[in-house]
Amino acid sequence: MKEPISSCEVPAPQGTPASGSRVLRFQANFRWQGVPVAEYKQAGEHWCGVTRTVLVGEAGESTDFHLRYFEIAPNGFTSLEEHDHEHAVVVLRGRGQVRLGETVHELSFGDTVYVAPREVHQFRNSSDTEPFGILCIVNARRDRPVVKDVKQG
């Protein structure tokens, strides 16, 4: 039986399965050679200006985790959501904010965030000019997020 796709992602285009170890060459524009960039989620008003690049986890690897790079455009934001799975995030580019519960934390290069299960969270780029880029490590098998109404919090 096929596992359901998490609603926090749109399936990435499936290319040729990985044939063992490999190197993904980083490029100056925060892209990786040969790795497609996709929309963050299905279109909606609950997020704005976010792209997703799956570096490990959708090319035939047998890992228990996925490694993804999300880039949030100036004034963009991810969904305000909660879910049962946990994840770790490391800031690679720019400055931004993370909301964890009711608390907002300022973030910059190298800062690391642990998002605990069932924690309401959201990442935001507060810049008018610079992208905010984060690496996200998450379980390969995960539940569907519950998007929270921004008015609810």
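The values are calculated or read from the model by the stated rules, or taken from the named source; none is laboratory data. This structure is a prediction, so every number in the text was calculated from the model and none was measured. So basically every Cβ, Gly included, is an ideal-geometry build from the backbone, and we count neighbours across all protein chains shown.
Computed values, structure above
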| quantity | calculated |
| --- | --- |
| Residue match in segment 43-54 (condition: closer than 23 Å to ASP128 by Cβ and among the basic types (Lys, Arg)) | yes |
| Among residues of segment 102-127, those that are surrounded by 17 or more Cβ atoms within 10 Å (Cβ to Cβ) and of a type in the set (Asp, Glu), counted | 0 |
| ASP111 at pLDDT below 95, farther than 18 Å from TRP47 by Cβ, under 16 Å from the mean Cα position of the chain (by Cα) and not small (Gly, Ala, Ser) | no |
| Residue within segment 88-108 that is among the basic types (Lys, Arg) and more than 20 Å from TYR40 (Cβ to Cβ) present | no |
| Condition check for GLY60: within 30 Å of ARG22 (Cβ to Cβ), surrounded by fewer than 17 Cβ atoms within 10 Å (Cβ to Cβ) and not β-branched (Val, Ile, Thr) | yes |
| Qualifying residue in segment 137-153 (condition: modelled with pLDDT of 95 or more, within 15 Å of the chain's Cα centre (by Cα) and either loosely packed, with under 14 Cβ neighbours inside 10 Å or not hydrophobic (A, V, I, L, M, F, W, C) (or both)) | no |
| Given (1) out of contact with any Cys (no Cβ under 8 Å at 6 or more places or on another chain); (2) among the β-branched types (Val, Ile, Thr); (3) within 17 Å of VAL138 (Cα to Cα), number of the condition VAL89 does not satisfy | (1) |
| Enumeration of residues in segment 77-98 that are under 23 Å from THR129 (Cα atoms) and more than 13 Å from the chain's Cα centre (by Cα) | ARG93, GLY94, ARG95, GLY96, GLN97 |
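Table: residues versus (1) under 18 Å from the mean Cα position of the chain (by Cα); (2) surrounded by 16 or more Cβ atoms within 10 Å (Cβ to Cβ); (3) modelled with pLDDT of 85 or more; (4) over 25 Å from VAL91 (Cβ atoms).
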residue	(1), (2), (3), (4)
ALA12	yes, yes, no, no
GLY15	no, no, no, yes
SER21	no, no, yes, yes
GLN27	no, no, yes, no
ARG31	yes, yes, yes, no
GLN42	yes, no, no, yes
GLU45	yes, no, no, yes
VAL56	yes, yes, yes, no
